[in-house]
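**Student:** Encoded as C-alpha cells, here's the structure I'll be asking about.
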Amino acid sequence: MVSWNSVPLEITYQVLGWISFVAWSVSFYPQVILNFRRKSVVGLNFDFVLLNLTKHSSYMIYNVVLFFSPAVQQQYFQKYGRDQMIPVAANDVAFSMHAVLLTIITLFQIAIYERGVQKVSKISMAIVSVVWLAAAVCFFVALPNHSWLWLINFFNAIQVIMTLIKYIPQAIMNFRRKSTDGFSIGNILLDFLGGCTNYSQMIVQSIDQNSWVNFYGNIGKTLLSLVSVVFDLLFICQHYVLYPAKKAVISSKLSKDGGVEPLLKSSDHPESENV
C-alpha cells in the first residue's frame, strides 16, 4: 500500500479526520438524551430517522468494505492505479458505524416511548423500499463478475441522495415560514465543522500524494462534504441574516396533538437534524 510522503501532512490528515468524527458524532446525542429524559418521542420526525438509517447504513457498507477488504482494494487499485491511497480513513469507518448505532438507538426509543399520533409517512417507506430493492438487484448483477467496487459505489451514491433528501425539506420549511425558530443552529454549526474538516482531510491527502484521484475515487465522501457545507451555509444565512430573531406561529393542529408533518412535507414545527 502507498505510504505517506510527509509525516506532518499525515498527522494533519489524522487530526482533521478525528475532528470531523467528533463534530458529526456529537450532533446525534442531544436528541437521544432528550427522548430519554422525556420518555417521549413526540415531536421527533420519524421519517428523518428512517431515511437517516438508510443513509448511514449505506455509508457504513461502503467504508467498512473498502477499508477492510483486500479484494475490493485490489479492484480500486486496478481502476485508479497502484500509486494511489485508499480514500477511506479510520475515522470514516468509526463515524459511519457510530451513526448507525445511534440511529438504531433512536428507532428503539421510538418503539418504546410515547409517540402520540405520529407515524412514518408512506412516501418515506416507499423511498426506503425502492432503495434497498435496487441495492439487492445490484448485488445480483455484481455477483457473477465479483464487481464489488461497482457495488459499494452504488451504496456510496445512496448516502449522497439521502443526504440531499433530508436537507431540502428543512430549507424549504424555513423559507416558507420566514423563520428558523425551533430549529437547532448548534447542530448545523457542528455539521459545518465536520463537513469542512472532512473535505480538508481529502485536500491534505491529495497534496501529499500529488494526486486528486481520491476526490473522484471516493466521490460519495466528496459530495457528502460539499452538500453538507452548502446546506449548512444556507441554514446559517437563514438563521443569522434572512430571518433573525423571528418567531414562528405554531399551528393549532400541532398545539392540539403535538404531532409533526412528515419529513417530505412542509411543517410548522421544525425539528433539529443530525448528520
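**Student:** I'd like to check something: does segment 50-60 contain any residue that is surrounded by fewer than 16 Cβ atoms within 10 Å (Cβ to Cβ) and of a type outside the set (A, V, I, L, M)?
**Tutor:** Our first condition is that a residue be surrounded by fewer than 16 Cβ atoms within 10 Å (Cβ to Cβ); within segment 50-60, this holds for none.
There is no residue in segment 50-60 that is surrounded by fewer than 16 Cβ atoms within 10 Å (Cβ to Cβ) and of a type outside the set (A, V, I, L, M).
**Student:** ASN156 versus (1) open to solvent by 20 Å² or more (accessible area, probe 1.4 Å); (2) in contact with a Gly (Cβ under 6 Å, 6 or more places away or on another chain); (3) modelled with pLDDT of 85 or more: which is the lone unmet condition?
**Tutor:** Against the list (1) open to solvent by 20 Å² or more (accessible area, probe 1.4 Å); (2) in contact with a Gly (Cβ under 6 Å, 6 or more places away or on another chain); (3) modelled with pLDDT of 85 or more, ASN156 comes up short only on (1).
**Student:** Also, quick follow-up: Search segment 130-141 for residues that are assigned to a helix (DSSP H, G or I) and pair each with any residue that is loosely packed, with under 10 Cβ neighbours inside 10 Å when their beta-carbon atoms are under 6 Å apart and the residues are at least 6 apart or on different chains.
**Tutor:** Listed pairs, sorted by first residue: none to list.
**Student:** Can you tell me which of (1) open to solvent by 10 Å² or more (accessible area, probe 1.4 Å); (2) of a type in the set (Gly, Ala, Ser); (3) closer than 20 Å to SER57 by Cβ is the one GLY186 doesn't meet?
**Tutor:** Answer for GLY186: the failing condition is (3).
**Student:** Among the residues of segment 35-57 satisfying the criterion of being touching a Ser or Thr at 6+ places or on another chain (Cβ under 9 Å) and among the hydrophobic types (A, V, I, L, M, F, W, C), which is nearest to TYR167 (Cα to Cα)?
**Tutor:** The qualifying residue nearest to TYR167 (Cα to Cα) is PHE48.
**Student:** With the condition kept exactly as written, say whether any residue in segment 70-81 is touching a helix residue (DSSP H, G or I) at 6+ places or on another chain (Cβ under 7 Å), at pLDDT below 90 and surrounded by 17 or more Cβ atoms within 10 Å (Cβ to Cβ).
**Tutor:** Yes, some residue in segment 70-81 is touching a helix residue (DSSP H, G or I) at 6+ places or on another chain (Cβ under 7 Å), at pLDDT below 90 and surrounded by 17 or more Cβ atoms within 10 Å (Cβ to Cβ).
**Student:** Among what's in segment 200-238 and is buried (at least 20 other Cβ atoms within 10 Å of the Cβ) and of a type in the set (Phe, Trp, Tyr), pick the residue that is farthest from the chain's Cα centre (by Cα).
**Tutor:** Per the stated criteria, the residue is PHE235.
**Student:** May I ask you to verify whether ASN35 is at negative phi, touching an Asp or Glu at 6+ places or on another chain (Cβ under 8 Å) and touching a residue at least 24 places away in the same chain (Cβ under 8 Å)?
**Tutor:** Against the criterion (at negative phi, touching an Asp or Glu at 6+ places or on another chain (Cβ under 8 Å) and touching a residue at least 24 places away in the same chain (Cβ under 8 Å)), ASN35 does not qualify.
**Student:** From (1) open to solvent by 20 Å² or more (accessible area, probe 1.4 Å); (2) among the aliphatic types (A, V, I, L, M); (3) more than 14 Å from SER25 (Cα to Cα), pick out the condition that doesn't hold for ALA94.
**Tutor:** All conditions pass for ALA94, except number (3).
**Student:** Let me ask you something else. Restricting attention to segment 109-145, and to residues there that are under 14 Å from SER40 (Cα atoms) and of a type in the set (A, V, I, L, M, F, W, C), which single residue is surrounded by the most Cβ atoms within 10 Å (Cβ to Cβ)?
**Tutor:** Going through the qualifying residues, I end up with ILE110.
**Student:** Oh, and also: Can you tell me which residues in segment 19-48 are within 20 Å of VAL93 (Cα to Cα), assigned to a helix (DSSP H, G or I) and open to solvent by less than 40 Å² (accessible area, probe 1.4 Å)?
**Tutor:** Across segment 19-48, the qualifying residues are SER20, ALA23, TRP24, SER25.
The values are calculated or read from the model by the stated rules, or taken from the named source; none is laboratory data. In this text the structure is predicted, and so the values were computed from the model without any measurement. Here Cβ is always computed from backbone atoms with ideal geometry, including for glycine, and neighbour counts include all displayed protein chains. For the accessible areas, the whole protein counts, side chains as well, though only heavy atoms, and no ligand, DNA or RNA atoms are used. Shrake-Rupley method; radii C 1.70, N 1.55, O 1.52, S 1.80 Å.
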